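The values are calculated or read from the model by the stated rules, or taken from the named source; none is laboratory data. Because the structure is a prediction, the values reported are computed rather than measured. Neighbour counts run over all protein chains shown; Cβ positions are idealised from the backbone, glycine included.
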């Protein structure tokens, strides 16, 4: 492979190791946790509403996961509120 590729990879590794060592990755782990929990919550609410016969469904994709990951519970409520306003 090209030596430039390996130099860039080494610099990226050093940069991420520095961020990890200084504790600046904490927010990233929080966002990832919120994304996983938010997607599970969306799927759970979709399942419960589907069993109840409601016509409310929020799709799960990268955008909805990012909204829930960055905003947390308010983002979760925002998605379902926006779905109520927009409708089908």
Scan of the range 22-53 for residues that are modelled with pLDDT under 85 and over 12 Å from the mean Cα position of the chain (by Cα), ordered by number: 23, 24, 25, 26, 27
Failed condition for residue 4, given (1) exposed (fewer than 10 other Cβ atoms within 10 Å of the Cβ); (2) in contact with a helix residue (DSSP H, G or I) (Cβ under 8 Å, 6 or more places away or on another chain): (2)
In the range 60-81, residue farthest from residue 36 (Cα to Cα) [restricted to those that are over 13 Å from the mean Cα position of the chain (by Cα) and surrounded by fewer than 15 Cβ atoms within 10 Å (Cβ to Cβ)]: 81
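Suppose we filter the range 30-63 for residues that are farther than 19 Å from residue 84 by Cβ and out of contact with any helix residue (DSSP H, G or I) (no Cβ under 9 Å at 6 or more places or on another chain); how many remain? Spell out the reasoning first.
Going through the range 30-63, the residues farther than 19 Å from residue 84 by Cβ turn out to be 30-37, 39-40, 62.
So of that shortlist, the ones also out of contact with any helix residue (DSSP H, G or I) (no Cβ under 9 Å at 6 or more places or on another chain) come out as 40, 62.
Qualifying residue count, the range 30-63: 2.
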Residue check for residue 84: out of contact with any helix residue (DSSP H, G or I) (no Cβ under 7 Å at 6 or more places or on another chain) and surrounded by 15 or more Cβ atoms within 10 Å (Cβ to Cβ): no
